[in-house]
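Read the structure below first, then the notes.
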Amino acid sequence: MNVVLVTPEIPQNTGNIARTCAALSADLHLVHPLGFSVDERSLRRAGLDYWDLLTIHHYGSLDEFLDRRKDARLVLYSSKGALPYTELAYPQDCYLVFGNETRGLPDRLLANAPGDVVRIPTVTDARCLNLSNAVAVAAYEVARQHRFAGLQTRRSLPGASGRD
């Protein structure tokens, strides 16, 4: 699984997303320009000790990303999407593409969508979720559809029988 952030602006969101990617063994793709330095302390602090579990790819622009990944299965997340995110069957190697915190994905990308455009349902007056929450919801749906392959799904408490 691949998570793509197009010009993210808030380092804490990107740090939280990096931690989610590490927990799921998903690659993180950052499309520049970023609204922060990847060396910024708050970004690293949000990821804590998970950075060694993470693979990050950088792209100078959205066009560079699209050119380098032209054969990839892209799923674009937008409050403008008509299809609920749960109605797709996600391939394991898909790219979940998210826009930045203030503008979302560019209209030019949505108008010429190179993949499915989906939304996470919310009440009418709530435009969308926080970016890091949206990524977690979407990424765990992909993991769920693939029966959490490669993930630890049960853990026994010390001294417990392991029964629920």
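The values are calculated or read from the model by the stated rules, or taken from the named source; none is laboratory data. Small disclaimer: the values here were computed from a predicted structure and weren't measured. Backbone-built Cβ (ideal geometry, glycine too); neighbour counts: all protein chains shown.
Residue-by-condition table, conditions (1) part of a loop (DSSP other than H, G, I, E, B); (2) within 24 Å of Ala149 (Cβ to Cβ); (3) modelled with pLDDT of 95 or more; (4) out of contact with any helix residue (DSSP H, G or I) (no Cβ under 9 Å at 6 or more places or on another chain):
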| site | (1), (2), (3), (4) |
| --- | --- |
| Val38 | yes, no, no, no |
| Leu48 | no, no, no, no |
| His57 | no, yes, yes, no |
| Asp63 | no, no, yes, yes |
| Asp67 | no, no, yes, yes |
| Lys80 | yes, no, no, no |
| Leu109 | no, no, yes, no |
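Residue by residue, here is whether (1) surrounded by 15 or more Cβ atoms within 10 Å (Cβ to Cβ); (2) in contact (Cβ under 8 Å) with a residue 24 or more places away in the chain holds:
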position	(1), (2)
Tyr77	yes, yes
Asp93	no, yes
Asp107	no, no
Val118	yes, yes
Cys128	yes, yes
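Taking only segment 79-91 into account, find how many residues are touching a strand residue (DSSP E or B) at 6+ places or on another chain (Cβ under 9 Å) and free of Cβ contacts under 8 Å to residues at least 40 places away in the same chain.
7
Filter segment 130-148 down to residues that are free of Cβ contacts under 8 Å to residues at least 40 places away in the same chain and among the aromatic types (Phe, Trp, Tyr), then give me how many there are.
1
Restricting to segment 111-124, count the residues that are in a loop (DSSP other than H, G, I, E, B), at pLDDT below 95 and under 19 Å from Leu74 (Cα atoms).
Count: 4.
Output the residues belonging to segment 82-107 that are in a strand (DSSP E or B) and either in contact with a His (Cβ under 8 Å, 6 or more places away or on another chain) or of a type outside the set (Gly, Ala, Ser) (or both).
Of everything in segment 82-107, those that are in a strand (DSSP E or B) and either in contact with a His (Cβ under 8 Å, 6 or more places away or on another chain) or of a type outside the set (Gly, Ala, Ser) (or both) turn out to be Leu83, Pro84, Tyr95, Leu96, Val97, Phe98, Asn100.
Could you go through segment 137-153 and let me know if any residue there is in contact with a strand residue (DSSP E or B) (Cβ under 7 Å, 6 or more places away or on another chain), exposed (fewer than 15 other Cβ atoms within 10 Å of the Cβ), assigned to a loop (DSSP other than H, G, I, E, B) and of a type outside the set (A, V, I, L, M, F, W, C).
No - not one qualifying residue is present in segment 137-153.
Of the conditions (1) over 12 Å from Met1 (Cα atoms); (2) modelled with pLDDT of 95 or more; (3) of a type outside the set (S, T, N, Q), Arg127 clears all except one; give me its number.
If we test Arg127 against (1) over 12 Å from Met1 (Cα atoms); (2) modelled with pLDDT of 95 or more; (3) of a type outside the set (S, T, N, Q), just (2) comes out false.
Tell me, yes or no, whether segment 89-100 has at least one residue that is of a type in the set (S, T, N, Q) and under 19 Å from Asn16 (Cβ atoms).
Yes.
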